[in-house]
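Single-structure report; data block below.
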Amino acid sequence: MEDHSLIQKIVARLEQLYPQASLELVYRNPFELLIAVILSAQCTDERVNQVTERLFREYPTPAALAAAPLETVEDIVRPTGFYRNKAKAVKGCAARLVEDHGGDVPKTLEALVRLPGVGRKTAAMVLGNAYGIQEGIAVDTHVLRVSQRLGITREKSPEAVESRLMALVPREKWTWFSNALILHGRRVCTAKKPSCPRCTLADWCAYGREASRSG
Ligand code: SF4
């Protein structure tokens, strides 16, 4: 099937399945989203939400987090894993927000990726979900896996997959599309055992068709 026709069908079905797809991280403002996304690396959203509940209660602003004792932040974020690096990143990020951006989260990709702990994926996720600015398609492990299984892309790197998706998915849907694939990857197309027999994308899915032939 030609790429654009394939992606149109997949997008239409995803819109039925996840019309309001949003992140499962809990946040009240762009600052909280930015910190939560940094902490979500290699960690479940559920655990991040448990940790940020305390973190934002004790340090509710960039200034407060920037001034927090490193050991205390390490202690709070420890359950998310890689806690030393993450504590340093969130404190450093908060400090830069205060020093360079008046305590606000910047609204451009270029400014966001200059913050400690922030790469393109995090920046796209924050811009899209906090501000509704479509600057990229956040490619996390779920988006990468599901895109490859569906046969939308054969690329391996998140950067190349993002470029491919950006060329195929209408720009106004970029943030929603990433959120929808994340949900589908968690609920149906899981890493260990994708539920192809009950997946409503199976008709257009390269992996799903292969699985039903060999099953
Ligand atoms: S058919 Fe299977 S591999 Fe394809 S998207 Fe659905 S669950 Fe994933």
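A few notes on this one:
- Charging the Cβ of each Asp and Glu at -1 and of each Lys and Arg at +1, and nothing else, the dipole of the stretch 95-161 about its Cα centre rounds to 380 debye.
- Which listed pairs, of Lys88/Lys193; Lys107/Lys156; Lys9/Lys88, have C-alpha distances above 32 Å, in listed order: Lys88/Lys193; Lys9/Lys88
- Computed on the chain, with alpha-carbon pairs under 8 angstrom and 6+ residues apart, the relative contact order is 20 percent.
- The stretch 30-131 - percent relative contact order, Cα under 8 Å, separation 6 or more: 31
- Placing unit charges on the Cβ atoms of the charged side chains and taking the dipole of the stretch 30-131 about its Cα centre, the candidate lying farthest along the positive direction among Thr72, Tyr59, Val90 is Val90.
- Sulfur and carbon atoms: percent of accessible area, the chain [1.4 Å]: 50
- Å² per residue, accessible surface of the stretch 30-131 at 1.4 Å: 45
- Cβ charges +1 (Lys, Arg) and -1 (Asp, Glu), total dipole of the stretch 30-131, debye: 280
- Structural size metrics of the chain, computed from C-alpha coordinates, are Rg and Dmax of 18.3, 59 Å.
The values are calculated or read from the model by the stated rules, or taken from the named source; none is laboratory data. Quantities reported herein were computed from a predicted structural model and do not represent experimental measurements. With ideal geometry, Cβ positions are generated from the backbone for all residues, glycine too; neighbour counts draw on all protein chains shown. Surface accessibility is based on the protein's heavy atoms, side chains included, excluding ligands, DNA and RNA. Shrake-Rupley method; radii C 1.70, N 1.55, O 1.52, S 1.80 Å.
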